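Presented below is the structure to which this report refers.
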Amino acid sequence: MTVAKREKIQQHYDEIAEVYDLHYDHPRGRTYHTRISRHVMEALPRGGALLDIGCGTGLFVEKYLHHGGSAVGIDLSRNMIERARRRCSCCGFTLGTGESLPFRDNSFDAVASLLVFSYVRDPESMLNEAYRVMRPGGAISICTLGKKLLTSGIPVLYKVSEKIRIPHVVMKDFGEHYYDEEDMRALFSRAGFCNVKVSWCSFAHIDMGDPLFNLAQRMEPFIERRIPQLTYNICVDAQKPAE
Ligand SMILES: C[S@@+](CC[C@H](N)C(=O)[O-])C[C@H]1O[C@@H](n2cnc3c(N)ncnc32)[C@H](O)[C@@H]1O
């Protein structure tokens, strides 16, 4: 991904920051975000110090704080960060990129990143940085669009929708990159993480109408377990080896 694409992502999220939460404020959006947050949360120690990379408006930080502990978020977009500060005034939020974290070595017990990794220009650097800032024995958990049947058409769809200007919160050509299980295992292992676990989630999509969404959501646990080819988010959990 080029610098121009990163600037495009930043500009896009600056522009939509005021309406981003509307996306997750209706029942379908809430259900979707709660579900992926649960996947990420389950792999993290509760009550420790969390870093959320690409924290957006602080939706996950807020959920993590319910279990006690503290949290810090970093994001490319100034306006998303502003929203996060308003949501969780007790937390620190920093403008910056996941590939170059302005934090000391061994400062966090947990690192999370939701719906961000596919945008990241240099995933190796982001994982090396996540590893560096985590304490030994700490855990990382990410959830992002993965390389699967349902996502294979997305780059073309985004290019077309941008050309013909379909208004949609996220439908733009950002040069996103999708990873499969093998890619993720290799990336996380190369960064030094151990106990790398990969799973797939999400079949119901918030752009489906209510009846279809409700049906898809009921089928979701079965699809995730038995037909993961039909899911579209990949979740990766791993640990920094204890010393
Ligand atoms: C789809 S939003 C997800 C926000 C939040 N994690 C959530 O679950 O609602 C993607 C976010 O990632 C941020 N982002 C994209 N690339 C990034 C990078 N390289 N470093 C930090 N943040 C990034 C964007 O600015 C945006 O706020």
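The values are calculated or read from the model by the stated rules, or taken from the named source; none is laboratory data. Predicted model only: the values in this text are computed from it and were never measured. Cβ placement follows ideal geometry from the backbone for every residue including glycine, while neighbour counts extend to all protein chains displayed.
Which residues, counting only those in the stretch 1-22, are surrounded by 17 or more Cβ atoms within 10 Å (Cβ to Cβ) and modelled with pLDDT under 90? The answer is M1, R6.
With respect to V170, is the statement that it is at pLDDT below 85 and in a loop (DSSP other than H, G, I, E, B) true? It is true that V170 is at pLDDT below 85 and in a loop (DSSP other than H, G, I, E, B). One residue stands out in the stretch 30-67 among those that are more than 10 Å from the ligand (Cβ to nearest atom) and among the small types (G, A, S): the one that is surrounded by the fewest Cβ atoms within 10 Å (Cβ to Cβ), namely G47. Quick check, is E182 acidic (D, E), assigned to a helix (DSSP H, G or I) and either at pLDDT 90 or above or over 26 Å from Y24 (Cα atoms) (or both)? The answer is yes for E182. Look at the stretch 102-126: where a residue is closer than 19 Å to G47 by Cβ and at pLDDT 95 or above and a partner is more than 9 Å from the ligand (Cβ to nearest atom) and basic (K, R), sitting 6+ places away or on another chain with Cβ atoms under 6 Å, you get N106/R135; D109/R135. Listed conditions (1) closer than 23 Å to A186 by Cβ; (2) in contact with a Leu (Cβ under 7 Å, 6 or more places away or on another chain) are all met by L145, apart from (2). Within the stretch 58-101, work out how many residues are in a loop (DSSP other than H, G, I, E, B), in contact (Cβ under 8 Å) with a residue 12 or more places away in the chain and more than 14 Å from the chain's Cα centre (by Cα). So the count comes out to 11.
Pairs only if they're at least six apart or on different chains, beta carbon under 6 angstrom, first in the stretch 195-222 and without any contact (Cβ under 8 Å) to a residue 60 or more places away in the chain, second part of a loop (DSSP other than H, G, I, E, B); list them, first residue then second. Listed pairs, sorted by first residue: W200/T231; F203/T231; A216/F203; A216/A204.
Sort out which residues of the stretch 231-243 are touching a helix residue (DSSP H, G or I) at 6+ places or on another chain (Cβ under 7 Å) and over 16 Å from I36 (Cα atoms), and write them in order of number. Matches in the stretch 231-243: A238, K240.
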